[in-house]
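Okay, so here's the structure we're looking at.
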Amino acid sequence: MVLEGNPEVGSPRTSDLQHPGNQGSCVLSSPGEDAQPGEEPIKYGELIVLGCCEEGGEETEAQRGEVTGPRAHSCYNGCLASGDKGRRRSRLALSRRPHANGVKPDVIHHISTPLVSKALSNRGQHSISYTLSRSHSVIVEYTHDSDTDMFQIGRSTENMIDFVVTDTSPGGGAAEGPSAQSTISRYACRILCDRRPPYTARIYAAGFDASSNIFLGERAAKWRTPDGLMDGLTTNGVLVMHPAGGFSEDSAPGVWREISVCGNVYTLRDSRSAQQRGKLDGSLIDLCGATLLWRTPAGLLRAPTLKQLEAQRQEANAARPQCPVGLSTLAFPSPARGRTAPDKQQPWVYVRCGHVHGYHGWGCRRERGPQERECPLCRLVGPYVPLWLGQEAGLCLDPGPPSHAFAPCGHVCSEKTARYWAQTPLPHGTHAFHAACPFCGAWLTGEHGCVRLIFQGPLD
C-alpha cells in the first residue's frame, strides 16, 4: 500500500530527489549500472554539510572511501570544528548495504488513543502514528522492503541514526555546548535508495526512533489524502531545493519546497512550525539548523578534485602576485597547515572593490566598524579580510580558476561557483532566507554577495 497521495490530482506521488522530468518527485540519484562481483559497492550519492569551515589537511584515500552499512567515511573542507568522529562528520557517502533494511507501508489501523502504546510495543515493527484527537489515532504499520536501503539523519546519537548532524551557525561552523539550543530534530529525515538500477533515492521527513516509531502528535500538521490515507509534516519541517539545470556550470537556484512524512512535496508553510500545510508540488536539504547538499556519483565526477584545487593553488602562487603597496609577494597557504592565523604571505582583500593586498594596518576607519578599511588604490571603505581557498570540492560547480571571493568571509572559488551560491537563499530560522558562503555559512553581504579578485602581478 502506497501512502503518497496527491490531494490535488488523487494519484500517488513520491518525493524522489533526482529525475527532473518527474514533476511530482524529488529524485536524488541514479548512479548507473549494477556493481559486479569483487567491485566496490554501488554508491548512491553523497551528502555534504554546508557551512562547516574548519580548514584541515589533505584528503586521504581512506577518507575518499565509502562503506556499506550504518557507518560512512567523510572528506570535507577539513572537518567539523570538533573533528569528524564516528557518525558525526561533515560528509556522508551512501552506499548499497550488504543486506536491505528499507521499509514500506503495509497495514493501517484506526484505534482509540489509550491503546496506541500497546499497539506500538513491538520494537521490530516500524510504524507511523497520527494522533487525530484525544480519542482517535491512525497507525500505519511498515513492513520490510527487500528492494531498498534506508539511511536516517538527525541530531540523535542513537544507533539507528546513520548521519549525526548538529546546527550550523553562520560563519562559525557547528553550534556546540549545552547552551546551544538545537532546532534540528533528533530524527530529522530518512532517505530510501533503490537497490537496483537506476538506484533512485527518495527523501522523507522524520526518522524512526529507537522503538521503530514515528509519532505525529495532535498539534502536528496532518491530513487525510483523497484516497483515505494519511500524511503529515514534522514540527520544523524538512525543505528541499533543486537547482534549475542540475548542479552544473549552468545552474540557477530553484524553489524551496517542503517534504512530508510520506515523501510528498508541498509549497512552504507560512512558518516552519505552522499547522497548515502548503499545496502539493513536484538538492539542497534543509533540516532547520543545518543544510545538506546531495551530490550524485555522476555529479561528483564532474566536480573538481582536491588535487585539481591544489594545482590551482600552486598555479596562483606561481604567478607571484604582489601587494600593490608593500610590494611583497603573496601566496595562498597550503591546506595541510590548517587554518589557524593568517600566514605572513597571506593575501588579503578589500571585499567592496576586490583589490588584493598583503596585510597592513593602514586605512582603518574604526568609526565605521572594527573591520572597516579604506582601500589605498580606489578609496572604497569596507571589510578587509584574509583570503582562504575553499577546499570542499563537492561544493564547486566547475573546475574554474579561483577568481572570486565571498563577501565578507573571503573564501575563494571559481566565478560560477561564487555567483551560484550568492544567488541561492538558504533557510534560516522559521521563515527567513539568506544567501550564505557554502564553506563557512557566513551570511553574504554587499550587492552581489561576492567580488572579483584583482591581483597585481610582479613588477619584473
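The values are calculated or read from the model by the stated rules, or taken from the named source; none is laboratory data. Worth saying up front: this structure is predicted, and the values here are computed from it rather than measured. We place every Cβ from the backbone using ideal geometry, glycine too, and count neighbours over all the protein chains shown. Heads up: the accessible areas ignore ligands, DNA and RNA and are worked out on the full protein's heavy atoms, side chains in. Shrake-Rupley method; radii C 1.70, N 1.55, O 1.52, S 1.80 Å.
Tell me yes or no: at least one residue of region 446-456 is modelled with pLDDT of 95 or more, in contact with a helix residue (DSSP H, G or I) (Cβ under 7 Å, 6 or more places away or on another chain) and surrounded by 24 or more Cβ atoms within 10 Å (Cβ to Cβ). Looking for residues that are modelled with pLDDT of 95 or more, in contact with a helix residue (DSSP H, G or I) (Cβ under 7 Å, 6 or more places away or on another chain) and surrounded by 24 or more Cβ atoms within 10 Å (Cβ to Cβ), one finds at least one in region 446-456, hence yes. Looking at region 388-395, can you tell me whether even one residue there is surrounded by fewer than 21 Cβ atoms within 10 Å (Cβ to Cβ), within 30 Å of L287 (Cα to Cα) and in contact with a Pro (Cβ under 9 Å, 6 or more places away or on another chain)? Within region 388-395, none of the residues are surrounded by fewer than 21 Cβ atoms within 10 Å (Cβ to Cβ), within 30 Å of L287 (Cα to Cα) and in contact with a Pro (Cβ under 9 Å, 6 or more places away or on another chain). Residues of region 237-252 that are assigned to a loop (DSSP other than H, G, I, E, B) and open to solvent by less than 40 Å² (accessible area, probe 1.4 Å): G237, P243, G246, F247, S248, S251.
Inspection of region 335-348 identifies at least one residue that is closer than 30 Å to G299 by Cα, open to solvent by less than 50 Å² (accessible area, probe 1.4 Å), not in a loop (DSSP other than H, G, I, E, B) and not hydrophobic (A, V, I, L, M, F, W, C).
The set of residues from region 283-293 being open to solvent by 10 Å² or more (accessible area, probe 1.4 Å) and in a strand (DSSP E or B) comprises just one member, T291.
Residues in region 306-322 that are closer than 19 Å to W388 by Cβ and part of a loop (DSSP other than H, G, I, E, B): A319, P321.
Counting only strands (runs of 3 or more DSSP E) that fall entirely inside region 187-236 and contain at least 1 residues that are open to solvent by 40 Å² or more (accessible area, probe 1.4 Å) and over 19 Å from T157 (Cβ atoms), the qualifying elements are 201-205, 213-216, 222-224. Of the residues contained in region 421-441, one or more are found to be open to solvent by 20 Å² or more (accessible area, probe 1.4 Å), part of a loop (DSSP other than H, G, I, E, B) and on the phi > 0 side of the Ramachandran plot.
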